[in-house]
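Derivation of every value follows stated rules applied to the coordinates shown; laboratory data play no part. Computed from a predicted structure; not experimentally measured. Glycine also receives a Cβ, built like all others from the backbone with ideal geometry; neighbour counts cover every protein chain displayed.
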Amino acid sequence: MSSVEALQYDRSADRLSAKNFRRLSGFVSSYSGIKMPPGKQTMLEGRLRRRLRSTGFASLDEYCTYLFDNDGLDVEAVALIDAVTTNKTDFFREPKHFEFLKRYALPALVRNGRTSLRLWSAACSVGAEPYTAAMILADFAESSGPLNYFVLATDLSTEVLASARKGIYPAAMLAPVPEDYMQRFVHRSNDPKSNLVRIAPALRSKVGFARMNFMDETYPIGEPVDVIFCRNVLIYFDKPTQAKVLSRLCDCLTPGGYLLIGHSESITGFNLPVRTVANTIFQKL
């Protein structure tokens, strides 16, 4: 494309009409609970341009016609949601939560007679949170005596779950991981030029991944769990949705189990069967 042609390029193909933004935002909200106000239109357009390249549609509005007028959602819904969800994550993110888990929650659960612990990383993204938790559990199990443990990790996005299952990351992403944990739980590449590392197979075997939607009426996680990490998710929901999600999460906790939410989140105003034990950390009554 010449410089003149570039200047004359019609960017309307990269924009959503008001009607189609309303249709898309309404679908995303009803499907996932994620709020999509008008201020998010530019973000939504940017996320969906990648889908245009994958699907071959000429414009965002043509893509929306396929979705909403030609029954395209029957096959495209999961990919659409994958494209618009936010997946910010880090190893040892909000480290005080993991310090609490190691120093207080796990010892308390064992003192109360638990010989098998289950932790749920809800909205696990590419796996940094559940693998961090698994490191803490593995370390604790080595010092506390015989202890079975398992981490369930769920997310709405199939794309991030596929990445999480592999357990392969840029080495720089694991900078927050303590060196002794790196030596025990992470394998470095034999290629000195590689900047990738992989979570050790023994630790990966302790983490199971599954797709789950917070909008489901019930959360099919099996037996109640002892600890739930559901961090930096509630901020994307309106108050009624937050109330429903929090109530369902509490239903999934064992009595005495712990719920951890993000430091920018709050449960104030919700009638839940929990007590506050630390900042953004709650224990089921």
>> Amide H of GLY256 versus every other amide H placed in the peptide plane: which residues, excluding those fewer than 5 positions away on the same chain, fall under 5 Å?
In response: LYS284, LEU285
> Label-point separation (nm) for ALA108 and SER205, each offset 7 Å from Cα along Cα-to-Cβ?
Replying inline: 3.2 nm
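Can you give the longest run of the chain that contains no trypsin sites (Lys or Arg not before Pro) sitting in a DSSP loop with at most 11 other Cβ atoms inside 10 Å? Walk me through the numbers before you get to the answer.
Numbers: sites that count: LYS88, LYS193.
Formally, the longest exposed-site-free interval is 89-192.
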>> Taking Rg/Rh (Cα atoms, Kirkwood Rh) straight from the coordinates, which label in [x] 0.97; [y] 1.03; [z] 0.93 is the correct one?
In response: [y]
>> Using only the alpha-carbon atoms, how far is helix 128-144 inclined from the longest principal axis of the chain? Give it as 0 to 90 degrees, nearest 10.
In response: 10 degrees
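Quick one: length gained pulling PHE270 to GLU45 fully straight, 0.36 nm per residue minus the C-alpha distance? Don't skip to the answer; put the middle values down first.
Details: separation 225, 0.36 × 225 = 81.00 nm, distance 3.42 nm.
Net length gain for the segment: 77.6 nm.
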> Which chymotrypsin sites (Phe, Trp or Tyr not before Pro) does segment 179-209 hold that lie in a coil by DSSP with at most 14 other beta carbons within 10 Å?
Replying inline: none
>> Compute the angle between helix 18-32 and the longest alpha-carbon principal axis of the chain, please, reported from 0 to 90 degrees and rounded to the nearest 10.
In response: 20 degrees
> Any idea what angle helix 41-55 forms with the longest principal axis of the chain, computed on alpha-carbon atoms, 0 to 90 degrees, nearest 10?
Replying inline: 80 degrees
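With a Förster radius of 45 Å, plug the Cβ-Cβ distance of SER116 and PHE68 into 1/(1 + (r/R0)^6) and report the FRET value to the nearest 0.05.
Numbers: r = 47 Å, r/R0 = 1.05.
Efficiency at R0 = 45 Å is approximately 0.45.
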